[in-house]
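Below is one structure, written out as C-alpha cells; the observations come after it.
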Amino acid sequence: MEEHRILLVDDDPDLLEMLLSIFTNAGYHDLLAASSGAAALQLWREQKPDLIILDVMMPGMDGFAVLREIRRTSRVPVLMLTARGEAEDRIEGLETGADDYLSKPFLPKELLLRTKAILSRAYPEQKRRVKLAASTVDLSRAEVWKDGETLSLTAKELQLFEKLYENAGRIVTTGILCETICGEFWQGYESTLSTHIRHLREKIEENPSRPVSLITVKGLGYRLNLKEEKP
C-alpha cells in the first residue's frame, strides 16, 4: 500500500473523480481532493500533503497562481496537469517551481510512473510509519490512521509511543515511561502515565478495553506489539 499523502486538484468533477480512482486502484489511500485553487491552498496548509497533482486551467485562481503561493514557503513536490500542450505553459510551470508537467489527455500508467518518480526523488527514505493490528501510526505527523479516520496524537502520547516503538516487543518499565513524559523527578506520576496510556489505546486499538498492541505487563510496565507482516 502506498502511504504518501497526495492532494489532487482539478475543477472538472469528472476528471477529479477519475484521478481519485486511478490513485486508489494503484494502492494510494491517503488522498485529498480540491476543485478550486483556494480550496487547494487551504488543504495544503491544513493537511500538509507529500505531493500535489495540480491542474493549470482553473477559473479564478489558476494552477500557476496556486503554485506561486505554495513556493513562497514550501518545496512540496508538484506535478502540473494541463489540457494545453504549448511550450510556453510548460516553461512557465517549470520556472514557477513545478517538479514535472503532464499534458491532458494522459495515460493513467504515465501519471503513476511520473508520480512514483517524483516521490522517490523527494522522499528517498521511508517515513516512520508503524503498522499495528488495528491502526497505523505516522510518527512524522503525530497521527493515527484507523478505520478510515485520522486521529492526532498529543505531544505526551507521541513521546510515549516513540519510546515504546524504540523497544517494540520488549517490556518498557513504568519508571522509564514516566521519566519520558515527566523528566527525572517522575515519582508520583504513575496515575498520569496510566491516563496517557488509556488515551493512546483509545486511538490505536480496535477495542481499548482488550488491547492487543499496547499490552500491560503487570507489575513491570508495558510492551508494544507490532503487526506481523505476512511473508
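The values are calculated or read from the model by the stated rules, or taken from the named source; none is laboratory data. The structure displayed is predicted, hence computed values, not measured ones. Cβ atoms come from the backbone with ideal geometry, glycine included; neighbour counts cover every protein chain shown.
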Of everything in the stretch 189-213, what is within 21 Å of G148 (Cβ to Cβ), aliphatic (A, V, I, L, M) and either touching a helix residue (DSSP H, G or I) at 6+ places or on another chain (Cβ under 6 Å) or part of a helix (DSSP H, G or I) (or both)? Give them in sequence order. L200, I204
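Each row is one residue, and each column tells you yes or no for (1) within 25 Å of W145 (Cα to Cα); (2) in the same structural domain as F106 (by TED's automatic domain parsing); (3) not in a helix (DSSP H, G or I).
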{"site": "D11", "(1), (2), (3)": "no, yes, yes"}
{"site": "D14", "(1), (2), (3)": "no, yes, no"}
{"site": "E17", "(1), (2), (3)": "yes, yes, no"}
{"site": "T24", "(1), (2), (3)": "yes, yes, no"}
{"site": "A33", "(1), (2), (3)": "yes, yes, yes"}
{"site": "L43", "(1), (2), (3)": "yes, yes, no"}
{"site": "E46", "(1), (2), (3)": "yes, yes, no"}
{"site": "I52", "(1), (2), (3)": "yes, yes, yes"}
{"site": "L79", "(1), (2), (3)": "no, yes, yes"}
State which residue is modelled with the lowest pLDDT when the search covers only the stretch 168-194 and only residues that are farther than 18 Å from K218 by Cβ and surrounded by 12 or more Cβ atoms within 10 Å (Cβ to Cβ). W186
Of the residues that make up the stretch 155-171, is at least one hydroxyl-bearing (S, T, Y) and over 27 Å from the mean Cα position of the chain (by Cα)? no
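Residues are listed down the side, and each one gets a yes or a no for (1) more than 18 Å from the chain's Cα centre (by Cα); (2) closer than 30 Å to S135 by Cβ; (3) without any contact (Cβ under 8 Å) to a residue 40 or more places away in the chain:
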site: I6; (1), (2), (3): no, yes, no
site: Y28; (1), (2), (3): no, yes, yes
site: A33; (1), (2), (3): no, yes, yes
site: A40; (1), (2), (3): no, yes, yes
site: R45; (1), (2), (3): no, yes, yes
site: D55; (1), (2), (3): yes, no, no
site: G63; (1), (2), (3): yes, no, no
Of the conditions (1) among the acidic types (D, E); (2) crowded, with 18+ Cβ neighbours inside 10 Å; (3) modelled with pLDDT of 90 or more, D89 clears all except one; give me its number. (3)
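State whether the residues of the stretch 11-20 include one that is crowded, with 16+ Cβ neighbours inside 10 Å and touching a helix residue (DSSP H, G or I) at 6+ places or on another chain (Cβ under 6 Å). Please lay out each step first, then the result.
Step one: of the stretch 11-20, the residues crowded, with 16+ Cβ neighbours inside 10 Å are 11, 15-16, 19-20.
From what is left, the residues that are touching a helix residue (DSSP H, G or I) at 6+ places or on another chain (Cβ under 6 Å) are none.
No; the residues of the stretch 11-20 include none that is crowded, with 16+ Cβ neighbours inside 10 Å and touching a helix residue (DSSP H, G or I) at 6+ places or on another chain (Cβ under 6 Å).
This table checks each residue for (1) loosely packed, with under 14 Cβ neighbours inside 10 Å; (2) free of Cβ contacts under 8 Å to residues at least 40 places away in the same chain; (3) of a type in the set (G, A, S); (4) at positive phi.
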{"residue": "L119", "(1), (2), (3), (4)": "no, no, no, no"}
{"residue": "Y123", "(1), (2), (3), (4)": "yes, no, no, no"}
{"residue": "V130", "(1), (2), (3), (4)": "no, no, no, no"}
{"residue": "T136", "(1), (2), (3), (4)": "no, no, no, no"}
{"residue": "S140", "(1), (2), (3), (4)": "yes, yes, yes, no"}
{"residue": "G148", "(1), (2), (3), (4)": "yes, yes, yes, yes"}
{"residue": "E157", "(1), (2), (3), (4)": "no, no, no, no"}
{"residue": "Y165", "(1), (2), (3), (4)": "no, no, no, no"}
